[in-house]
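Written out below as structure tokens is the structure these notes cover.
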Amino acid sequence: MTATPLPYTDELTLALRAIHAASLLTKSVLRSLSNHVSAETKADDSPVTIADFAAQAILISALHAVYPSDAFLGEESAAALRENKGLAEQVWQLVLRASPLSASETSDVQKQSTSTPSVLATQSRLTFPTSKADMLDLIDRGTGTETARGRVWVMDPVDGTATFMEGKQYAVCLCLLVDGVQQVAAIGAPNLKFDASSSALILGQNIHEDLVDEEGHGVVLSAIKGHGTYVSSMHASNLGERRRIDLQQVAPKKVAGLNFIESTLGVTSLSQGEHQAVAESLGASWPGTVIWSQQMKYVALTLGATDVMVRLPKNKERFTCVWDHAGGQLLFEEAGGIVKDLDGGAIDFAQGRKILGDRNYGMIAAMPWCFDLVMQTVQEVLDKRPRS
């Protein structure tokens, strides 16, 4: 009797291959430049590197070749490259380097799948941009704004650019939204030193900005909605065996031992003073784990390295970008974690490029055994805010 294929098996297979290629590329940039990467400055004053542009071109090229009717929403646009021919040439040269890095395309990305993905059978090699002009056009395919209807691939080619430039933790991210709902996630963590190859997966391994996989290529996490989360080692020519992540295997801690993951102190507009108050109200030390990349925070939560993430905006005018959360939340939830806004609602990914504070005010992500207590404590801390 033939097993029923999992939904979105082909999409996950291709997403993993594209993330693998983009992860190898970004890692090669770090190694060739000895972990000192220069950056351009975007209109919002955030940094962007040649690796961001090249990775987005590679991701969209691979996906668009197989799913030409799908839409894309990425963090970058090609506007700066069209204005700066020298910069565009640097990115193009990087894209040209990426194809040989991904020459081996028959990796073990679906060892535990119940079906044989047709994408691998029909396309033995990923499709890369064919010219500099093609590269620019592909990057600009990611400037879409619609996420509520149809199939939309949301991506952040390098989440955590500031720490990527220093050779620390960053993520290469893809998520397929269908009618505004996360269905497929694949997130590469090329610098993450995590043992995903042992016979028994060990959750709760330490994760730190400076704990970098110097010799290897990190790991990739993936999920299909309703079918669990998996982690694999990334190698130069393939992916390792996929191992399922089950956060039920992580023993509950005493409340005072909760690990709160936090952004770099003093460089976020979130109310970190109230984050600290939540932790200390529970008797926990703060901060616990400090990671700049938002998607790497979800990776750390999913791998059991930390227990709680709170995001408390100072008001409802603050928004967050969809590419900072799409995919990462699916990984954590499919592993057994819980993510809600401060009103207890699910995060709405059908809002376009921004997750607005009026629709989803703040966020809490936590292990299931402590979520309710953390939510209660957050409300108690917020109740102390001065009334306007």
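First select every other residue whose beta carbon is under 11 angstrom from the beta carbon of A148; then total the charges, Lys and Arg +1, Asp and Glu -1. Kindly include the intermediate steps, with their values, before the conclusion.
Details: positive: R149; negative: E146, D179, D348.
Neighbour charge sum, excluding A148 itself: -2.
Accessible-area rank, largest first, for K193, K297: K193, K297, with all protein chains present and a 1.4 angstrom probe. When the Cα positions of A305, S293, I355 are compared along the charge dipole of the stretch 249-383, S293 comes out farthest toward the positive end, with charges on each C-beta of Lys, Arg, Asp and Glu. Remark: the stretch 198-210, residue by residue, has Karplus-estimated 3J(HN,Hα) of 5, 4, 10, 5, 9, 8, x, 5, 5, 10, 8, 3, 8 Hz, where x stands for each Gly or Pro and the curve is 6.51 cos²θ - 1.76 cosθ + 1.60 at θ = phi - 60°.
Dimensions of the chain from C-alpha coordinates, computed as largest minus smallest value along each principal axis and given longest first, are 58, 56, 42 Å. Here the stretch 122-173 is treated with +1 on each Lys and Arg Cβ and -1 on each Asp and Glu Cβ, and its dipole about the Cα centre works out to around 200 debye.
For the stretch 137-279, state the average projected area of the convex hull of the C-alpha atoms over all orientations, rounded to one decimal in nm². Averaging across all directions leaves 11.7 nm² for the Cα convex hull.
Note on K225: lysines with a C-alpha under 25 Å away, same-chain residues under 8 apart excluded, are K111, K297, K340, K354. Compactness of the stretch 249-383 was expressed as the Cα radius of gyration divided by 2.2 N^0.38 Å, which yields 0.95. The convex hull defined by the C-alpha atoms of the stretch 181-243 has an orientation-averaged projected area of 5.0 nm². Residues whose amide H comes within less than 5 Å of that of T143, counting only those at least five positions distant or on another chain, are G74 (H built at 1.01 Å from N in the peptide plane). In the chain, Cα pairs under 8 Å separated by at least six residues give a relative contact order of 17 percent. The alpha carbon centroids of the stretch 199-270 and the stretch 348-381 are separated by 21 Å. Place +1 on the Cβ of every Lys and Arg and -1 on the Cβ of every Asp and Glu in the stretch 203-283, take the dipole about the Cα centre, and give the residue among L270, Q249, F260 whose Cα lies farthest towards its positive end. Projecting each Cα onto the dipole axis, the largest value belongs to Q249.
Charges were assigned to the Cβ only: +1 to each Lys and Arg, -1 to each Asp and Glu. The resulting dipole of the stretch 249-383 about its Cα centre is roughly 280 debye.
Computed about its Cα centre, the charge dipole of the chain is approximately 220 debye, with only Lys, Arg, Asp and Glu carrying charge at their Cβ. Kindly identify the stretch 211-260 as rounded, prolate or oblate by the Cα gyration tensor criterion: order the square roots of the eigenvalues as a ≥ b ≥ c, call it rounded if a/c is under 1.5, otherwise compare a/b with b/c, prolate if a/b is larger, else oblate. Verdict is oblate for the stretch 211-260.
Which helices of the chain meet both criteria: a Cα extent of 20 Å or more along the helical axis and a mean Kyte-Doolittle score no lower than 0.5, with helices taken as whole DSSP H segments? Helices passing the filter in the chain: 50-66.
The values are calculated or read from the model by the stated rules, or taken from the named source; none is laboratory data. All values derive from a computational prediction rather than experimental measurement. All Cβ positions, even for glycine, are placed from backbone atoms using ideal geometry, and neighbour counts span all protein chains on display. The protein model used for the area step is the full one, side chains on, heavy atoms only, and it has no ligands, DNA or RNA in it. Shrake-Rupley method; radii C 1.70, N 1.55, O 1.52, S 1.80 Å.
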